[in-house]
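For reference, the structure discussed in these notes is given below.
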Ligand code: NAP
């Protein structure tokens, strides 16, 4: 038996695909608005309405595919006893959000399986969502920013795009998206359409502000596909004021964990009940997940990502006993210095444009970190086995890093954390001086490995296929 999705919803199709449920899509041939009006005239509840519309859709497709399973779905938003559909205009959405602000509403998510015109299975999930108290200004800003994305959505929101507008949710993520995948999967297993080992999808995301530029979804969704794991990795823009609340909210609806990027890395460490040692040393976290007891673990994988990539690129590299020059003293420098010292480096010479920041960083670590003035950095290049650029110099839109490498020892490794562009002046300069140049893209890929393993239960490889995929995006 095959499964036919009686819908033209790209959201539901994407969710089935991500959940590794095979299906074909056939839009139902019904006048949904008219049917909805007729059902409402009959005085039925919002829950019954969602179920009836799901049956209408599945029955319409069932007439075209005899002997097959047809999945019909519908979602109805109920607020104070009224049914809310898609907003008809920005002004209508403004009025709806102002009414729902600071109050709870219900999403009824219905799904039915119809075969040869008969309902074989049905399930209606009830999710209660509490919208924050939104000021008139916040409602206006929300509509300006999101209207084009939310105009086709009941209630006028896409939960996965702006979860921070919700204070609390009683329910789970896929029900909010419009399909109760776990319940559907169990039914499909019972009729042998899915294998018994099928598992509900898992979800993770990168949280930042802004976040549009992030390459992390490309990396994690590639690994999910490669390892045939059901799930999705999203990117979610979370404003700083709502970071901790949003993490709690997303864990509560079933997310497995998060990557965290600028400007939330410090807050990510603060909210954790169980920060890892390396995250505490660095003073920031970039990976969150739950332990077996439901406590939030915060880890920092930037340092280990840097080190793993350094060793993959220079297989003969041994940190033990080496002296290293680190340029820059920001968040990335803290992770790099911490990882190099943990791996056995003898000393780190640290230099930064703002000397005070370098001194503060050095004071976090043992006396093996010594700071030197930024304008004297050239003098130290010949004394070390590795030079790491952790500044943003050389990044697209930034000035190049000016440093004289002509006195370096042959075979010195020059690692640039910058990966856009891949080939910086610093790396060109290094190669011209018989040094080994390593770009920062590998660090970005390697730092993602521990998070993927914690959320999805499998340790992925960083290989050239992934590197090329990320470069092509
Ligand atoms: P950050 O905390 O903002 O630190 C920026 C660093 O760059 C500071 O040391 C700053 O010096 C220095 N800097 C900025 N403009 C400068 C200039 N005009 N002249 C001299 N120094 C300058 O940023 P971050 O998170 O550490 O990131 C730094 C770089 O590493 C970025 O390019 C980022 O993309 C890259 N990075 C790459 C990866 C990866 O996976 N490859 C991971 C993390 C970061 P002051 O203290 O004097 O301002």
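The numbers here are math on the coordinates, done by the rules we state, and not lab data. Being a predicted model, the structure only gives us computed values, none of them experimental. Cβ sites come from the backbone with ideal geometry, for glycine too, and all protein chains shown count toward neighbours.
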As a check on your grasp of the helix formula, calculate [θ] at 222 nm for the chain: sum -39500 (n - 2.57) over DSSP H runs of n ≥ 4, divide by the residue count, round to the nearest 500.
-> -11000 deg cm²/dmol
Can you give me the relative contact order of the chain as a percent, contacts being Cα pairs under 8 Å and 6 or more apart?
-> 10 percent
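Let me check against my output: what whole-number percent is the relative contact order of the range 74-220, with C-alpha pairs under 8 Å and at least 6 apart?
On the way: 194 pairs, mean separation 34.8, N = 147.
So the answer I get is 24 percent.
Could you grab the relative contact order for the range 75-153? Cα pairs under 8 Å, six or more apart, rounded to a whole percent. Mind showing how you got there, number by number?
Values: 103 pairs, mean separation 27.1, N = 79.
Dividing the mean separation by the residue count of the range 75-153 yields 34 percent.
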For the chain, percent of DSSP beta bridges that are antiparallel (nearest 5) comes out at 50 percent
Computed E for residue 126/residue 464 - FRET, C-beta separation, R0 41 angstrom, nearest 0.05 = 0.30
Starting from the Cα gyration tensor of the chain, multiply each eigenvalue by 5, take the square root, and state the resulting semi-axes largest first in whole Å.
-> 51, 24, 18
Arrange 3, 177, 471 by Cβ neighbour counts within 10 Å, fewest through most, would you?
-> 471, 3, 177
For the Cα atoms of the chain, what angle does the longest principal axis make with the long axis of helix 331-342, in degrees from 0 to 90, nearest 10?
-> 60 degrees
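Going by how many other beta carbons lie within 10 Å of each one, how would you line up 444, 325, 290, fewest first?
Details: 444 22, 325 26, 290 17.
Fewest-to-most Cβ neighbours within 10 Å comes out as 290, 444, 325.
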Exposure proxy check: 375, 404, 425 ranked by fewest other beta carbons within 10 Å?
-> 375, 404, 425
Starting from the Cα-Cα distance between residue 191 and residue 17, subtract it from 0.36 nm times their residue separation and give me the gain in nm to one decimal.
-> 60.7 nm
Here the gain from full extension of residue 119 to residue 38, 0.36 nm per residue of separation minus their alpha-carbon distance, amounts to 27.1 nm
By how many degrees, between 0 and 90 and to the nearest 10, does the Cα long axis of helix 216-226 differ from the longest principal axis of the chain?
-> 70 degrees
